[in-house]
Structures are given as structure tokens and as C-alpha cells.
Amino acid sequence: MKIFTHSSGVGSFLPTMREVDVKTIKRADQIVVDDLDSAKEEAGERIYAASQSNWDFS
């Protein structure tokens, strides 16, 4: 049985802000953003995960 979890992070709007840790981002099967270009510039937790681990935006 597969268990699904939904988490919404909506408060991180600067590259230096983070709501979600790298471990959670790396464990996610799917991450949905409203605009990929904006997320690459503004979503601090994803920018941090990309710089600190093997996670990327693709």
C-alpha cells in the first residue's frame, strides 16, 4: 500500500527563505509550482536544495 502526503509551502518568496527542509524535498515524488521560472528565482528551499544536494529543478 502506498501512502500519499500533501504538503503546501506558500510563504517562501525570497531566495533566502525556507519552509521545507532538503530531506523533504529530496523525498518528494512530485513538486508542483505555479511558475517554474519564478520558482527558480524565488523559492528559497528549492534553490537551497539545488545548491546543497543532487536535487535539481528538472
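General observations
- Taking the range 14-58 and the helices (runs of 4 or more DSSP H) fully enclosed by it, the elements with 1 or more residues that are of a type in the set (Val, Ile, Thr), within 9 Å of the chain's Cα centre (by Cα) and surrounded by 15 or more Cβ atoms within 10 Å (Cβ to Cβ) are at 22-27, 44-52.
- Failed item in (1) modelled with pLDDT under 90; (2) surrounded by 10 or more Cβ atoms within 10 Å (Cβ to Cβ), with THR5 passing the rest: (2)
- Residues in the range 36-58 that are under 27 Å from ILE3 (Cα atoms) and of a type in the set (Asp, Glu): GLU45, ASP56.
- Just one of the listed residues (SER12, SER58) is free of Cβ contacts under 8 Å to residues at least 12 places away in the same chain and among the small types (Gly, Ala, Ser), and it is SER58.
The values are calculated or read from the model by the stated rules, or taken from the named source; none is laboratory data. Computed from a predicted structure; not experimentally measured. Don't worry about glycine lacking a Cβ; one is built from the backbone with ideal geometry, like all the others, and counts go over all protein chains shown.
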